[in-house]
1. Out of all the residues in region 327-345, which are surrounded by 18 or more Cβ atoms within 10 Å (Cβ to Cβ) and over 32 Å from the mean Cα position of the chain (by Cα)?
2. Look at LEU444 and say whether it is assigned to a strand (DSSP E or B) and modelled with pLDDT of 75 or more.
3. Considering only region 501-531, how many residues are of a type in the set (Asp, Glu) and closer than 16 Å to HIS735 by Cα?
4. If you go through region 502-539, how many residues are farther than 21 Å from ILE457 by Cβ, charged (D, E, K, R) and at pLDDT 80 or above?
5. From the list GLU258, GLU275, which one is out of contact with any helix residue (DSSP H, G or I) (no Cβ under 6 Å at 6 or more places or on another chain), modelled with pLDDT of 85 or more and not in a helix (DSSP H, G or I)?
6. Which condition number does ALA686 fail, the rest of (1) at pLDDT 85 or above; (2) within 30 Å of HIS650 (Cβ to Cβ) being met?
7. With the checklist (1) surrounded by fewer than 19 Cβ atoms within 10 Å (Cβ to Cβ); (2) assigned to a strand (DSSP E or B) in hand, flag the one item TYR320 doesn't pass.
8. Tell me the residue from ASP14, ASP38 that is modelled with pLDDT under 85 and in contact with a Pro (Cβ under 8 Å, 6 or more places away or on another chain), please.
Amino acid sequence: MKNTINCGRAEANDFHQIVMTICHSQAGCIIIQMISGDCMDPAPLFAKAREYLPPDKLSLIEAAYEYARHAHDGQIRKSGAPFLEHPLQTALTLANLQLDASTLAAALLHDVPEDCSVSISEIEKKFGPEVSKLVDGVTKLSKVEWRREADADAQAAQAENLRKMLIAMAEDLRVVFIKLADRLHNMNTLQALSPERRQAIARETLEIYAPLAHRLGMGEIKWQLEDLAFRYLDPDQYHEIARMVAIKRSQREGFIDEAVWELHNEMVMAKIEGEVKGRPKHIYSIYQKIQRYSAMGRTFGDIHDLFAIRVLVNTVPDCYKVLGIIHNLWHPITEEFNDYIANPKDNGYQSLHTTVLTGGTVPLEIQIRTYDMHRMSEYGVAAHWRYKEGAKPDLHFEEKLSWLRQLIDWQSSLNSREFLDSVKEDFFADQVFVYTPRGEIKPLPRGATPLDFAYLIHTNVGHRCIGAKVNSKLVPLNYTLKNSDIVEIMVSKADKAPSLDWLNPDLGYIKTAHAKEKIRAWYKKQERTQNIERGRTMLEKELKRLGLTIPSYEELARKLDCESVDDFLAAVGYGGITPHQVAAQIEEIPEEEEIVPVVKPTTVVGKQKGSGIQVLGVGDLLTHLAQCCHPVPGDDIIGYITRSHGITVHRTNCINVINEEEKERLIEVSWGNVEQVYPVDIQIEAYDRVGLLRDITTLLAEHKINITSVSTQYNDDIFTMWSTIEIKNISQLKHILSRVMSLKGVINASKVQKDKLNISS
């Protein structure tokens, strides 16, 4: 057996991924039946429940099954399968989590009230108040439908639905366990729905249900939901990554096998009992890593941990003993080590993570955990469910759910948009764990800054923040915090207003919705007339800097759901609406400037009788666009092989092509992906200092902004730079100008009219 010692779980996970890839059709149930038996057979559910429940509890599950079977008799799902398949598979998922008999009974009955005209009171008479309350909770959540529209009514409805779910969680977490299992089976049978409905359900699964499973520590359900949702949201990427992983797997199987056996033998010699097995990464997590690598200029081929190793042992001391063995066997990469046993994640996850260099050059990721930790990582809070019959109560259960109580406390004081942002950005995001100077651990969303930390400590600490130290070193307030950082906030002794610049997303001062809401709340308390005047001034200054004109305050107020112009300007004044949002409502490229796009042909591919020749900037071929006909993307084109200047690309109707006598020198070409950019003139004024020009050009280079011309001037220690840069849209221009303004010594950075640009050098 490959890639595992004492365990076949790696193969099971691989097999499940294959099944997920092929079993999303109306005949999916038939395929699953062929693989795993009759999907309508309750025997697997009863057998699984019998493994951990006392005999007297099984009768409740059997009675619920018979009731559901009778109620759903004759009903067919859109996939063509009998309706009973859905509640049965939902209950089986929960039985795998070893949840109590009431939860399994409620899972079997959860669709009966809505689809069979059976009242909750009837279910209570038959199965008791506990089961009926769970069924009622799931029925209410079944009416929740997440929508992505940006209008205020849709946001309010979505926020209300999310509030219902959180309240249901607070009352009884088992309701959400059932809902997650329900969603998992629905995702496995999604193919039967229309493409639009599949997209909508997949999107809400990726944005709400998968993060919720992650927050509850239910990793097994989380990764299945992510992979299934990704398959429908971007099927081409999904299948391409699956194909690349399959190729990579064949290359690395021998390497993983060798590492597994070597580590296992060392553990045997050290008399440590445990399992060592290969651990394939899941498709959506690989996609996320590809996105991160792409931002760093790296490719899929640079990902070395597609197949990692996991070690399971009996005790915590054994975890650290195995860590010592691993670091003795292979050279550790110190910055890739994380101790989540001593510092568990907020969702209860515990494990040792280390990356080592095997063979001197090949990185290998290894996780080390106990069997109990592994169960917690797979099933989260469900692994220690307090209602489980005969189980010892978890004394730290309430502490593990403190984030939920905090969120419910906050939700009553936030409007719809703020509440949704708070949930998605603060509670459903990946987290980092940092320390206060006193050693207290504080969780924050990944990407959080010292300012976010300050507002987490206390609102007044955030408002009065004037600086920060991380690990005893001064850092900028937009510094990105990392795991295990020790953060110290420096505050003003006097009361101080928070800066509205902190709300500028381009400057990166704040990540959390909680901090944003506290800053906006401070400005909301100011006089309305002050907010209106401040908003007008901010808006005029920012739009002038971007070279934009305001078509109509009334129109903008309407587009941004404000009842009046004063409400609109006041919202800008206290930060409820940012100039960035206003700019997005104004046409990106002003008509009066008649800016002509510059087209950069990046991947034009040509073919010559199937030879696969690539032209126009690819490889070592010398290529250029013909000046006689000026082809642009979308035109029918053809290539002409010159004697000394490579390939020239013409329009197919170009007179020179039509009159060409040597037809063999013509080559078929086609447009690939093209990047459309616009030349924009900017002016930067700053106090002269050493390295200023270098800092500006470096910043532009980091953002992949091309500079086509530069002119500079010095006057009384004031440095002025005029430049023409190429941008994709107004949002990118705003971001660049804001970043330039954040450089030391810069007084102003703005867009200028072309006739004002002085290009003399």
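The values are calculated or read from the model by the stated rules, or taken from the named source; none is laboratory data. Remember, it's a predicted structure, so these values are computed and weren't measured experimentally. Note: ideal-geometry Cβ built from the backbone for every residue, glycine included; neighbour counts use all protein chains shown.
1. Within region 327-345, TRP330 is the sole residue that qualifies.
2. Yes.
3. The total comes to 2.
4. Adding up the residues that qualify gives 3.
5. Going through GLU258, GLU275 in turn, the sole match is GLU275.
6. (2)
7. Failed condition: (2).
8. ASP14
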